[in-house]
Amino acid sequence: MDLQRLTDRLGGLAFGGDYNPEQWDARVWKEDDELMRRARVNLATVGVFSWALLEPEEGRYDFDWLDAHLDRLHANGVAVDLATPTASPPPWFTLAHPDALPVHPDGTRLTHGSRDAYCLTAPAYRRAARRIAAALAERYGDHPALALWHVHNEYATLCHCDHAAAAFRVWLRARHGSLDALNDAWGTTFWSQRYTSWEQVLPPRATQWHHNPGQRLDYSRFWSDETLAAYREQRDAIRAHSDRPVTTNLMLPGYQNLDLWAFGREVDLVSVNHYPGAPGVDAAAHAAFDADRARSIAGGAPWLLMESGTNTVYAEGRVLPKEPGDILRHSLAHIARGSEGALFFQWRQSRAGAEQWHSAMVPHAGPDSRIFREVTATGEAVARLGELAGSTVRAEVAVLHDSDAWWAMTVDGLPSPELDYYAALRRAHRALWDAGRTVDFAHPGQDLSRYRLVIAPTLFLLSDVSAHNLRSYVAGGGTLLVQHFSGVVDENLRSRLGGYPAAPLRETLGIRSEEYRPLRRHEVITLSDGSTASSWSESLRTEGAEALAAYTHGPLDGSPALTRHAFGSGHGWYLSTRLDDAGYAALVERLLTEAGTAPDLPGLPPGVEAVTRHAPDGRAWHLLLNHRPEAVPLPQPCHDLLTGTTLGELPPDGCAVLRAR
Ligand code: GLA
């Protein structure tokens, strides 16, 4: 079930997208065949939204129409990524099983008429999902067109119904063992919340004031586990009939409902969707951020960009267009970071229905359009990169990324609304991206010894195991930067006592933080090295560390703000405030230098993105993206796979894929 078979099957990297032919007629299908050949499409995701056609009434399947499309695609040289349609149950399903509709925290039960109108914990939904997955696998498990299975679509929904409450209680019993242990973990003695029977425990539904934080955190964990269980059931139903790899397309949004690390372990191939949240160079930085996350949750293995938009930037409450050339640039940004291809949502822009204004490979204007010309050019470019298949990316720097810590930061009642996990992660990654370094994300409990530098932008919740792991990393020679409000609570959100952060990390960093002092909105402070900071400050004292910058204001005047501690063979740095952008960039540059890191391709100016993919046999390729408006000379002339020529310089806003060895 390995990925090698997928790229062998495709004869190189994947290019294509979601194909929903049921929206069109035979004349259009004929044109699709021709246009797909022109655009060098070799993989199409089929069936994502086809439940109503595949199972027009409960238990009665109609596969004839899908047979015809799979046969047609196969004859046209296009492999199929076959989806289970379970993200969009048809109206008959919800009418037959109203208890399977999702319920909001305030008790509102939703209705059908959109998509994703199901509760993942409803037994009727789970049965129906398993059944249709099995039926599809039985019919198409060894269809010659089939290259990949695509379970569901963007698992992300939440629910607070009675089915969810019952499943939550089962999960809580398994986690805590006894009601006493749960009461203790959640601190229910306070506010008189003590539970005396399991039936009293609820999902965090709408309530009068703050939810119990332990309840909120456990609900997030439970929901992710439940979602994973739903995925596994479909995957296993498929595996009973088919040996093709199975994936689910993960969304990587700015919130999180899923433990991405756990999903990474359960799929045969990590696949993700990416839609930039800002235009221009910020879109490129966002693509790099998501691509690095995808590769990291894949454990460094090749992964796949399952969806992106040809002309879609979700920003400012609008669907903004991409810049000319971005279809290729954004595709290469993902391929540079380990994607085995570039796929889009969707092949042909819908004429009607809920996603009429989402861009596509063939826009409403038809093939005589800028978008289709760029799609074709991108398809040709991707086709020239076949030799990259199976190669991987290496990073010397990691940013810590932990689902528990993220969920923990979403509970009510934290000391500042500016404590934002996603924003902290993005900022650390952006500073490293601006500095031209390739970055992995890493779990705080994993082996970190291969990284020269590790940054923990925020680790509010830190388990004992992870705290000891960070200690060993530094003791063994690593450089670790920990940022404010880290190591504060244990796995159950109970505060660490005796000073922050948690004991083993405190020794590693050689500091003790006694009091958190959030700053006022818009308040800016100056540190002794002249840098400015905002948002947060701490009453910190050194216990072995050296102070590199101190506070210069109010009661904290003269006390350390930024520290460095020589510990074992490494160094633990602590930053107790939020530096402004220039100060943070300077700190990151200093850490990169002190930790002895180097860019993948040294000698390029800022604004040129360069990532190297390495094949197991020693071959390597530099993928370059020039974000500068002028040409940039290359450190040495190299053969470029995109143009088939030897390139001495990168054109303005241009890209290249250089054969390095
Ligand atoms: C997501 C979904 C698709 C589609 C696109 C539109 O990625 O998976 O079904 O809705 O967004 O941009």
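The values are calculated or read from the model by the stated rules, or taken from the named source; none is laboratory data. Values in this document were obtained by computation on a predicted structure and should not be read as measured data. Here the Cβ positions follow ideal geometry from the backbone for every residue, glycine too, while neighbour counts run over all protein chains shown. Surface areas here come from the heavy atoms of the whole protein model, side chains and all, with no ligands, DNA or RNA. Shrake-Rupley method; radii C 1.70, N 1.55, O 1.52, S 1.80 Å.
Which of the residues spanning segment 49-72 are open to solvent by less than 60 Å² (accessible area, probe 1.4 Å) and of a type outside the set (A, V, I, L, M)?
Matches in segment 49-72: Ser50, Trp51, Glu55, Pro56, Gly59, Asp62, Phe63, Trp65, Asp67, His69, Arg72.
For segment 610-643, give me each residue that is farther than 11 Å from Arg659 by Cα, of a type in the set (Gly, Ala, Ser) and surrounded by fewer than 22 Cβ atoms within 10 Å (Cβ to Cβ).
Ala615, Gly618, Ala631
Exactly one of (1) touching a Pro at 6+ places or on another chain (Cβ under 7 Å); (2) open to solvent by 20 Å² or more (accessible area, probe 1.4 Å); (3) within 30 Å of Asp440 (Cβ to Cβ) is unmet by Leu328. Its number?
(1)
I'm trying to understand the selection: among the residues of segment 364-390, which are of a type in the set (Gly, Ala, Ser), in a helix (DSSP H, G or I) and open to solvent by 10 Å² or more (accessible area, probe 1.4 Å)?
Just the residues of segment 364-390 that are of a type in the set (Gly, Ala, Ser), to begin with: 365-366, 369, 377, 379, 381, 383, 386, 389-390.
Filter once more, so that each one left must be in a helix (DSSP H, G or I): 377, 379, 381, 383, 386.
The answer is Ala377, Ala383, Gly386.
In segment 125-148, how many are open to solvent by less than 10 Å² (accessible area, probe 1.4 Å) and either on the phi > 0 side of the Ramachandran plot or more than 16 Å from the ligand (Cβ to nearest atom) (or both)?
As a first pass, look at segment 125-148 and keep what is open to solvent by less than 10 Å² (accessible area, probe 1.4 Å): 125, 128-129, 132-133, 136-137, 140-141, 145-148.
Filter once more, so that each one left must be either on the phi > 0 side of the Ramachandran plot or more than 16 Å from the ligand (Cβ to nearest atom) (or both): 125, 128-129, 132-133, 136-137, 140-141, 145-147.
The qualifying residues number 12.
Considering only residues that are open to solvent by 20 Å² or more (accessible area, probe 1.4 Å) and assigned to a loop (DSSP other than H, G, I, E, B), look in segment 558-578 and name the one that is nearest to Arg471 (Cα to Cα).
Looking at the filtered set, the residue picked out is Gly568.
Considering Ser466, Ser513, which residue is open to solvent by less than 10 Å² (accessible area, probe 1.4 Å), modelled with pLDDT of 95 or more and part of a helix (DSSP H, G or I)? Even if it seems obvious, please write down each step before you answer.
Values: Ser513 fails: part of a helix (DSSP H, G or I).
The unique qualifying residue is Ser466.
Which condition from (1) of a type outside the set (Asp, Glu); (2) outside any loop (DSSP other than H, G, I, E, B); (3) closer than 30 Å to Gly544 by Cα is the one that Thr597 breaks?
Every listed condition holds for Thr597 apart from (2).
Checking Leu53 against (1) in a helix (DSSP H, G or I); (2) closer than 30 Å to Ala383 by Cα, which test does it fail?
Of (1) in a helix (DSSP H, G or I); (2) closer than 30 Å to Ala383 by Cα, only one is false for Leu53: (2).
Might you check whether a residue that is surrounded by fewer than 14 Cβ atoms within 10 Å (Cβ to Cβ), out of contact with any Leu (no Cβ under 7 Å at 6 or more places or on another chain) and among the β-branched types (Val, Ile, Thr) occurs anywhere in segment 591-601? It would help to see each step written out before you state the result.
Going through segment 591-601, the residues surrounded by fewer than 14 Cβ atoms within 10 Å (Cβ to Cβ) turn out to be 593, 596, 598.
Narrowing further to those that are out of contact with any Leu (no Cβ under 7 Å at 6 or more places or on another chain): 593, 596, 598.
Filter again for among the β-branched types (Val, Ile, Thr), leaving 593.
Scanning segment 591-601 turns up at least one residue that is surrounded by fewer than 14 Cβ atoms within 10 Å (Cβ to Cβ), out of contact with any Leu (no Cβ under 7 Å at 6 or more places or on another chain) and among the β-branched types (Val, Ile, Thr).
Since Ala342 meets every condition but one in (1) hydrophobic (A, V, I, L, M, F, W, C); (2) within 16 Å of the ligand (Cβ to nearest atom); (3) in a loop (DSSP other than H, G, I, E, B); (4) at pLDDT 95 or above, which condition does it not meet?
Of (1) hydrophobic (A, V, I, L, M, F, W, C); (2) within 16 Å of the ligand (Cβ to nearest atom); (3) in a loop (DSSP other than H, G, I, E, B); (4) at pLDDT 95 or above, only one is false for Ala342: (3).
Take the residues in segment 285-323 that are acidic (Asp, Glu) and open to solvent by less than 30 Å² (accessible area, probe 1.4 Å), then tell me which one is farthest from the ligand (Cβ to nearest atom). Full working, then the answer.
Taking segment 285-323 as the starting set, the residues that turn out to be acidic (Asp, Glu) are 290, 292, 307, 316, 323.
Pick out the ones that are also open to solvent by less than 30 Å² (accessible area, probe 1.4 Å) and you get 290, 292, 307.
Working: Asp290: 12, Asp292: 19, Glu307: 5 Å.
Among them, the one singled out is Asp292.
Within segment 232-246, is there a residue that is within 16 Å of the ligand (Cβ to nearest atom) and at pLDDT 95 or above?
no
Give Ala585, Ala547, Ala566 a once-over and let me know the one that is in contact with a Pro (Cβ under 7 Å, 6 or more places away or on another chain) and modelled with pLDDT of 95 or more. Outline the logic, then answer.
Values: Ala585 fails: in contact with a Pro (Cβ under 7 Å, 6 or more places away or on another chain); Ala566 fails: in contact with a Pro (Cβ under 7 Å, 6 or more places away or on another chain).
Within the list Ala585, Ala547, Ala566, the selection yields Ala547.
Criterion first (touching a helix residue (DSSP H, G or I) at 6+ places or on another chain (Cβ under 7 Å), farther than 22 Å from Ala39 by Cα and open to solvent by less than 40 Å² (accessible area, probe 1.4 Å)) does Arg337 satisfy it?
Working: touching a helix residue (DSSP H, G or I) at 6+ places or on another chain (Cβ under 7 Å): yes; farther than 22 Å from Ala39 by Cα: yes; open to solvent by less than 40 Å² (accessible area, probe 1.4 Å): yes.
For Arg337, the condition - touching a helix residue (DSSP H, G or I) at 6+ places or on another chain (Cβ under 7 Å), farther than 22 Å from Ala39 by Cα and open to solvent by less than 40 Å² (accessible area, probe 1.4 Å) - is met.
Could you give me the residue pairs with C-beta distances under 6 Å whose first residue belongs to segment 1-28 and is closer than 23 Å to Asp67 by Cα, whose second residue is open to solvent by 30 Å² or more (accessible area, probe 1.4 Å) and among the basic types (Lys, Arg) wherever it lies, and which are 6+ apart or on separate chains?
Partner pairs satisfying both residue conditions: Phe15/Arg40.
Go through (1) away from the ligand (no atom under 13 Å from the Cβ); (2) farther than 25 Å from Thr438 by Cβ and name the single condition Ala360 misses.
(1)
Mind telling me which of the residues Asp142, Asp180, Asp116, Asp162 ends up being at pLDDT 95 or above, among the acidic types (Asp, Glu) and within 17 Å of Pro91 (Cα to Cα)? Outline the logic, then answer.
Numbers: Asp142 fails: within 17 Å of Pro91 (Cα to Cα); Asp180 fails: within 17 Å of Pro91 (Cα to Cα); Asp162 fails: within 17 Å of Pro91 (Cα to Cα).
Of the residues listed, the single one that is at pLDDT 95 or above, among the acidic types (Asp, Glu) and within 17 Å of Pro91 (Cα to Cα) is Asp116.
Being β-branched (Val, Ile, Thr), over 17 Å from the mean Cα position of the chain (by Cα) and not in a strand (DSSP E or B) is the filter here; which residues of segment 391-444 pass it?
Passing the criteria: Thr410, Val411.
Mind listing whichever residues of segment 78-111 are hydrophobic (A, V, I, L, M, F, W, C), open to solvent by less than 10 Å² (accessible area, probe 1.4 Å) and more than 30 Å from Gly341 (Cα to Cα)? Talk me through it step by step, then tell me what you get.
From segment 78-111, those hydrophobic (A, V, I, L, M, F, W, C) are 78-80, 82-83, 87, 92-93, 95-96, 100-101, 103, 110; that's our starting set.
Subsequent filtering for residues that are open to solvent by less than 10 Å² (accessible area, probe 1.4 Å) retains 78-80, 82-83, 87, 93, 100.
Within segment 78-111, Phe93, Ala100 qualify.
Could you count how many residues in segment 425-450 are open to solvent by 10 Å² or more (accessible area, probe 1.4 Å) and under 16 Å from Leu591 (Cβ atoms)?
Taking segment 425-450 and keeping what is open to solvent by 10 Å² or more (accessible area, probe 1.4 Å), we get 426-427, 430-431, 433-437, 440, 443, 445-447, 449-450.
Next, only the ones that are under 16 Å from Leu591 (Cβ atoms) stay: 427, 430-431, 433-437, 440.
Adding up the residues that qualify gives 9.
Has segment 6-26 got at least one residue that is open to solvent by less than 80 Å² (accessible area, probe 1.4 Å), assigned to a loop (DSSP other than H, G, I, E, B), among the small types (Gly, Ala, Ser) and away from the ligand (no atom under 16 Å from the Cβ)?
Within segment 6-26, one or more residues are open to solvent by less than 80 Å² (accessible area, probe 1.4 Å), assigned to a loop (DSSP other than H, G, I, E, B), among the small types (Gly, Ala, Ser) and away from the ligand (no atom under 16 Å from the Cβ).
Residues are listed down the side, and each one gets a yes or a no for (1) basic (Lys, Arg); (2) within 16 Å of the ligand (Cβ to nearest atom); (3) in contact (Cβ under 8 Å) with a residue 40 or more places away in the chain; (4) touching a strand residue (DSSP E or B) at 6+ places or on another chain (Cβ under 9 Å):
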position	(1), (2), (3), (4)
Thr45	no, yes, yes, yes
Val48	no, yes, yes, yes
Trp51	no, yes, yes, no
Pro56	no, no, no, no
Leu73	no, no, yes, yes
Gly77	no, no, yes, no
Val80	no, no, yes, yes
Thr86	no, yes, yes, no
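Residues in segment 101-124 that are within 16 Å of the ligand (Cβ to nearest atom) and polar (S, T, N, Q): how many?
Residues that pass the stated criteria total 1.
Looking at the structure I just gave you, is Val41 part of a loop (DSSP other than H, G, I, E, B), more than 16 Å from the ligand (Cβ to nearest atom) and of a type in the set (A, V, I, L, M)? Step through it out loud before you land on a result.
Numbers: part of a loop (DSSP other than H, G, I, E, B): yes; more than 16 Å from the ligand (Cβ to nearest atom): yes; of a type in the set (A, V, I, L, M): yes.
It is true that Val41 is part of a loop (DSSP other than H, G, I, E, B), more than 16 Å from the ligand (Cβ to nearest atom) and of a type in the set (A, V, I, L, M).
Test His160 against the stated conditions and say whether it is closer than 23 Å to Leu304 by Cβ, open to solvent by 10 Å² or more (accessible area, probe 1.4 Å) and away from the ligand (no atom under 16 Å from the Cβ). Before you say what the answer is, go through the steps one by one.
Numbers: closer than 23 Å to Leu304 by Cβ: no; open to solvent by 10 Å² or more (accessible area, probe 1.4 Å): yes; away from the ligand (no atom under 16 Å from the Cβ): yes.
The answer is no for His160.
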